[in-house]
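Single-structure report; data block below.
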Amino acid sequence: MTKVPNSANKKPPQLLDQFGRHVDYIRLSITDRCDFRCVYCMGDEMTFLPRDEVLSLEECARLVKVFVRLGVTKVRITGGEPLVRKNSLRLFEEIGKLKNLKELVLTTNGSQLENQAQGLKNAGVKRINISLDSLDAARFKTITRTGELDKVLRGIQAAKLAGFDNIKLNTVLMRDFNDDETVSLVDFAIQQAIDISFIEEMPLGDVSHTRESTFVSNADTLNLLKSKYPLTASTVTTGGPARYWRVADTQTKIGFISPHSHNFCESCNRVRISCKGELYLCLGQEDKVDLMPLLRTHPHDDQPLIQAIMDSMAIKPKGHDFDLRRTEPAVIRFMSHTGG
């Protein structure tokens, strides 16, 4: 059983699930809203949460502090698009000061980075993951429905100028959407001296296409890239599920996040918190604990919150169960609800 340390203890406790996995990484969504409407992430028509059903920035900070007390060393802020949240920089600044937090990272669509990259760097953000699914402006607009490619490209440059050494592109390849851009996207990453990860599309939410028809296996993508580049398997890890390959004579690593073709659940070290304060123990399952009521019922007492988090380890499932042959989504909620 996890115990909360007293002030004399130097080491924070560990959150261990029933399979002996150590949870030291949380992904916190601070909004379900986004200025893009990516076809694999959202439906044609989206209804967003009322303000009072979303965690306040103060509640977000409180949650992070509690998890860090419980041994979490890595926090990723996600959305929706986290940087469209008003005053979100305040949250990064507060979290960035936490003594035992080793890594504060951000996942973004890049649309707001042109103006916010330097502030994020100053706040203590260590790494940025930027979604980029096409280098063709018209196709980018089709995939995102509303996005402007030039704005994202300027955001990438702003992040580089701000001094971020660890920038990674995240790409979801979709058959007949953008799978013919695999090599050009890697070439772009090499030119920019940044990394890129390919993420297999996940069956979350009811979208306008069938996931089986657009699915691109990372195994096929890797075979294609091996025929184009000198790749060497890498043992480097960023604490998540990606497996990396180095491109010889470049500064670029290529990652693969493969929830279908390579189930990575055996080493899962993370949980997710939605912008509603729902603690999801697995992205691909519905097991959750509602933390918002505890935050609001006990505004000055963290112990009920701590106990709920510790107890949640007993219901963290062994893994997800994605099956592309199913016509209905594996999970009804959209990716934007849980956090990217």
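Every number in this text was worked out from the coordinates using simple rules, so none of it is lab data. These figures come from a predicted structure and were not determined experimentally. Backbone-built Cβ (ideal geometry, glycine too); neighbour counts: all protein chains shown.
Indicate, rounded to the nearest 5 percent, the antiparallel portion of the DSSP beta bridges found entirely in the chain.
Of those bridges, close to 30 percent are antiparallel.
Going through segment 32-117, which trypsin sites (Lys or Arg not before Pro) have at most 14 other Cβ atoms within 10 Å and a DSSP loop state?
86, 97, 99, 102
Given H placed 1.01 Å from N in the peptide plane, which residues other than close sequence neighbours of residue 252 have an amide H under 5 Å from its amide H?
Counting only residues 5 or more places away or on other chains, the set is 247.
Using the 10 angstrom Cβ neighbour count as an exposure proxy, how do 72, 216 rank, fewest first?
Listed from fewest to most nearby Cβ atoms, that is 216, 72.
Going toward the positive end of the dipole of segment 21-338, with +1 on Lys and Arg Cβ and -1 on Asp and Glu Cβ, which of 89, 144, 277 do you reach last?
Value computed over the given set: 89.
Hey, how many Å between the Cα centroid of segment 16-70 and the Cα centroid of segment 120-151?
About 20 Å separates the Cα centre of segment 16-70 from the one of segment 120-151.
Using a 10 Å cut-off on Cβ atoms, rank the peptides 288-295, 187-194 from the highest mean neighbour count down.
288-295, 187-194
What order do you get for 108, 214 when you list them from fewest to most C-beta neighbours inside 10 Å?
In increasing order of surrounding Cβ atoms, one gets 214, 108.
Karplus couplings for segment 146-151 from phi (6.51 cos²θ - 1.76 cosθ + 1.60, θ = phi - 60°), rounded to Hz, Gly and Pro as x?
The phi angles translate into 10, x, 10, 4, 4, 5 Hz.
In sequence order, what are the phi-derived ³J(HN,Hα) couplings for segment 37-50 according to the Karplus relation 6.51 cos²θ - 1.76 cosθ + 1.60 with θ = phi - 60°, rounded to whole Hz, with x for glycine and proline?
For segment 37-50, the Karplus curve yields 9, 4, 5, 8, 10, 9, x, 4, 10, 10, 10, 9, 6, x Hz.
For the chain, what does -39500 (n - 2.57) per DSSP helix run (n ≥ 4), summed and divided by total residues, give at 222 nm, in deg cm²/dmol to the nearest 500?
Per the formula, -8000 deg cm²/dmol.
List 36, 19 from most exposed to least, where exposure is judged by having the fewest other Cβ atoms within 10 Å.
19, 36
Please compute the contact order of the chain in relative form: average sequence separation of alpha-carbon pairs under 8 Å and at least six residues apart, divided by the residue count, as a percent.
Averaging sequence separation for qualifying contacts and normalising by length gives 21 percent for the chain.
Determine the dipole magnitude for the chain: charges of +1 sit on the beta-carbon of Lys and Arg, -1 on that of Asp and Glu, nothing else is charged, the reference point is the Cα centre, and the result goes in debye to the nearest 20.
Working: 46 positive and 43 negative charges, 279 e Å.
Charge dipole of the chain: 1340 debye, to the nearest 20.
Out of all DSSP beta bridges in segment 56-209, what portion is antiparallel? Express it as a percent rounded to 5.
0
Taking the mean number of other Cβ atoms within 10 Å as a proxy for protection, how do you rank 249-255, 125-131, 301-307 from highest to lowest?
Working: 249-255: 18.9, 125-131: 22.1, 301-307: 14.9.
Descending mean neighbour count gives 125-131, 249-255, 301-307.
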